[in-house]
Amino acid sequence: MATRTDAPTRREQILKEAARLFAERGFHGVGVDEIGAAVGISGPGLYRHFPGKDAMLAELLVGISGQLLTGAKRRVSEADGTGEGALLDSLIEGHIDFALDDRPLITLHDRELDRLRDSDRKLVRQLQRQYVELWVEVVRALYPALTEPSARSAVHSVFGLLNSTPHLGRPGALPGREATATLLHRMARGAFAAAAGA
């Protein structure tokens, strides 16, 4: 007999496989039956968890935007008193974890965001704006000479850098997770310092 804890686990499996398949073959290139087969259930069985592929895509893209914002807010609250440099490092580490661990979601966002319903797309954009503004506040506190537009531009540039990891090769093609994370972190901090002329 299934327990309540089984449902979220199965739902997470479905979302993970849907993200992988959508990223590999495109949203329209993947059928419900294929997603079901990837998690060991029939395509129609997916409808117990999601009304359709559109709902999976929306949950993936809205979900990751919400998770990034929630994670960043948690890092800000946990960093109370540690200084802006340590807080920026923490934010960078969090985004690097996302970039290295959730590569299919980055690809999905780049390719499939326009497929969301207007309301879901607006929600993604709203969450992303809040995420950017949180970073801008931290960057400006660390580099007070940066204007708000310059700080925002630097934040977007760093996101572009970090989010480029899906295009750097297949998983495993990079020099190892720790070395890659260290390199990305140095590049991100260097980009902020360069923007501030530091």
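Name the single residue that is least open to solvent (accessible area, probe 1.4 Å) among those in region 30-69 being among the charged types (D, E, K, R) and in contact (Cβ under 8 Å) with a residue 24 or more places away in the chain. Step through it out loud before you land on a result.
Start the filter on region 30-69 by keeping residues that are among the charged types (D, E, K, R), which leaves 33-34, 48, 53-54, 59.
Applying the additional criterion that residues be in contact (Cβ under 8 Å) with a residue 24 or more places away in the chain yields 53-54, 59.
On the way: Lys53: 40, Asp54: 101, Glu59: 70 Å².
Among them, the one singled out is Lys53.
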query: Would you pick out the residues in region 143-165 that are touching a residue at least 12 places away in the same chain (Cβ under 8 Å), over 17 Å from Tyr131 (Cα atoms) and not hydroxyl-bearing (Ser, Thr, Tyr)?
result: Ala145, Leu146
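Just to be sure before I move on: is Glu84 surrounded by 15 or more Cβ atoms within 10 Å (Cβ to Cβ) and either modelled with pLDDT under 90 or of a type outside the set (Lys, Arg) (or both) in the structure I sent?
Values: surrounded by 15 or more Cβ atoms within 10 Å (Cβ to Cβ): yes; either modelled with pLDDT under 90 or of a type outside the set (Lys, Arg) (or both): yes.
For Glu84, the condition - surrounded by 15 or more Cβ atoms within 10 Å (Cβ to Cβ) and either modelled with pLDDT under 90 or of a type outside the set (Lys, Arg) (or both) - is met.
Evaluate the following for Ile96: is it at pLDDT 95 or above, under 22 Å from Glu178 (Cβ atoms) and surrounded by 14 or more Cβ atoms within 10 Å (Cβ to Cβ)?
Numbers: at pLDDT 95 or above: yes; under 22 Å from Glu178 (Cβ atoms): yes; surrounded by 14 or more Cβ atoms within 10 Å (Cβ to Cβ): yes.
Judged against the criteria, Ile96 is a match.
Take region 110-165 and flag every residue that is of a type in the set (S, T, N, Q) and either within 21 Å of Ala188 (Cβ to Cβ) or crowded, with 16+ Cβ neighbours inside 10 Å (or both). Can you show your working first?
In the first step, residues of region 110-165 are kept if they are of a type in the set (S, T, N, Q); the result is 119, 126, 128, 130, 147, 150, 153, 157, 163-165.
Selection gives Gln128, Gln130, Thr147, Ser150, Ser153, Ser157, Asn163, Ser164, Thr165.
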Residue pairs meeting the criteria (Cβ under 6 Å; at least 6 apart or on separate chains; first of a type in the set (S, T, N, Q), in region 98-127; second open to solvent by less than 50 Å² (accessible area, probe 1.4 Å) and at pLDDT below 90): Thr107/Pro166
- request: Considering each residue of region 141-191, count those that are closer than 23 Å to His109 by Cβ, at pLDDT 90 or above and in a helix (DSSP H, G or I), and give that number.
  value: 19
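Output the residues belonging to region 70-81 that are open to solvent by 50 Å² or more (accessible area, probe 1.4 Å) and either of a type in the set (Ser, Thr, Tyr) or assigned to a helix (DSSP H, G or I) (or both). Don't jump to the end; show me each part of the working.
The initial filter retains those residues of region 70-81 that are open to solvent by 50 Å² or more (accessible area, probe 1.4 Å), namely 70, 73-74, 76-78, 80-81.
Once the filter is applied, which keeps residues that are open to solvent by 50 Å² or more (accessible area, probe 1.4 Å) and either of a type in the set (Ser, Thr, Tyr) or assigned to a helix (DSSP H, G or I) (or both), region 70-81 yields Thr70, Lys73, Arg74, Val76, Ser77, Glu78.
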statement: Residue pairs qualifying under the 6 Å Cβ cut-off, at least six apart or on distinct chains, with the first in region 11-24 being among the polar types (S, T, N, Q) and the second being in a helix (DSSP H, G or I) and surrounded by fewer than 21 Cβ atoms within 10 Å (Cβ to Cβ), are Gln13/Val39
message: Against the definition (closer than 24 Å to Gln126 by Cα and under 12 Å from the mean Cα position of the chain (by Cα)), how does Leu88 come out, yes or no?
response: no
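The values are calculated or read from the model by the stated rules, or taken from the named source; none is laboratory data. What you are looking at is a predicted structure, and each value in this text was computed from that prediction instead of being measured. Neighbour counts are summed over all protein chains in view; Cβ atoms, including those assigned to glycine, are modelled from backbone coordinates with ideal geometry. Note: areas computed on protein heavy atoms with side chains; ligands, DNA, RNA excluded. Shrake-Rupley method; radii C 1.70, N 1.55, O 1.52, S 1.80 Å.
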